[in-house]
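To keep things clear, I will list the structure first and then write my remarks on it.
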Amino acid sequence: MSSDQGTDENFSIKNSWKQTELGEVLSFRNGKSSAKNKSEPDGKYPVYGANGPIARTNDALEEDPVIIVGRVGAYCGNVQRTEEKCWATDNTMVVRAKEAELNFVYYLLSELNLQRYRTGTSQPLLTQTAIKDSEVELPTKSEQEKIGALLNNIDETIAVNIQINSILQNLVQSLFKSMFVDYEPYEQFKDVD
């Protein structure tokens, strides 16, 4: 197979993708007034603001997995994904997949630079209309599922590696403190003649 044929095959895959407006495959609605008046420090569910979780509550506004997009303020256009029940404040936009796979949509929206659609300067605002009218190319739903699962697995692996690095950094700091600040003896580090 020549390299030209490989390139043509790649283009034919891309050509099978469907061009559509996001409003055709996603539903949008604004969040509700903050649940802060119902805020519980040990609440069961996160309360999402424009930049992610800001509090906890025992009341869930969203029962199913959703994507939450910041729509007001400096963080408008910020994209979050949650699998758990939650409350989305009125500084956010809740996005659901109608005819698309949610994980794929999360990564797609994260790469679309939604901040470019914001209006206003002192208090930036992102409207549903601006996003709904955006044209994108989408693969078939089964391809979206595969792509979304792959990218999600990579994100999960990164998160595990970050936790491992944090544990190792704490271990190194504890060992250093123990040996050089507290002067605890460690036989295995002594010079042997």
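The values are calculated or read from the model by the stated rules, or taken from the named source; none is laboratory data. These numbers were taken from a predicted model, which means no experiment stands behind them. Cβ coordinates were reconstructed from backbone atoms using ideal geometry, including for glycine residues, and neighbour counts include every protein chain displayed. Side chains included, ligands, DNA and RNA excluded: accessible areas come from the protein's heavy atoms. Shrake-Rupley method; radii C 1.70, N 1.55, O 1.52, S 1.80 Å.
With respect to Ile147, determine if the residue is surrounded by fewer than 13 Cβ atoms within 10 Å (Cβ to Cβ), within 20 Å of the chain's Cα centre (by Cα), modelled with pLDDT of 90 or more and not acidic (Asp, Glu). For Ile147, the condition - surrounded by fewer than 13 Cβ atoms within 10 Å (Cβ to Cβ), within 20 Å of the chain's Cα centre (by Cα), modelled with pLDDT of 90 or more and not acidic (Asp, Glu) - is not met. Residues in the stretch 112-143 that are assigned to a loop (DSSP other than H, G, I, E, B) and more than 21 Å from Arg29 (Cβ to Cβ): Asn113, Thr121, Ser122, Pro139, Thr140.
Residues in the stretch 113-131 that are within 15 Å of the chain's Cα centre (by Cα) and open to solvent by less than 30 Å² (accessible area, probe 1.4 Å): 1 in all.
Residue under question is Arg96, and the condition is that it be part of a strand (DSSP E or B), in contact (Cβ under 8 Å) with a residue 60 or more places away in the chain and not hydrophobic (A, V, I, L, M, F, W, C); does it hold? Considered against the rule, which asks whether it is part of a strand (DSSP E or B), in contact (Cβ under 8 Å) with a residue 60 or more places away in the chain and not hydrophobic (A, V, I, L, M, F, W, C), Arg96 comes out as yes.
Checked against (1) farther than 24 Å from Gln19 by Cβ; (2) modelled with pLDDT of 90 or more, Glu111 meets all criteria but (1). Among the candidates Gly6, Gly77, Gly52, the residue that is closer than 25 Å to Leu150 by Cβ, open to solvent by less than 30 Å² (accessible area, probe 1.4 Å) and either among the basic types (Lys, Arg) or modelled with pLDDT under 90 (or both) is uniquely Gly6.
Restricting Glu111, Glu101, Glu62 to residues that are of a type outside the set (A, V, I, L, M, F, W, C) and touching a residue at least 40 places away in the same chain (Cβ under 8 Å) narrows the list to Glu101. When residues in the stretch 150-173 are screened for being open to solvent by 70 Å² or more (accessible area, probe 1.4 Å) and either hydrophobic (A, V, I, L, M, F, W, C) or at pLDDT below 90 (or both), 10 of them pass. Restricting the search to the stretch 55-74, which residues are out of contact with any Leu (no Cβ under 8 Å at 6 or more places or on another chain), small (Gly, Ala, Ser) and surrounded by 19 or more Cβ atoms within 10 Å (Cβ to Cβ)? Matches in the stretch 55-74: Ala55 only. Of everything listed in (1) at pLDDT below 90; (2) open to solvent by 60 Å² or more (accessible area, probe 1.4 Å), the single unmet condition for Ser39 is (2).
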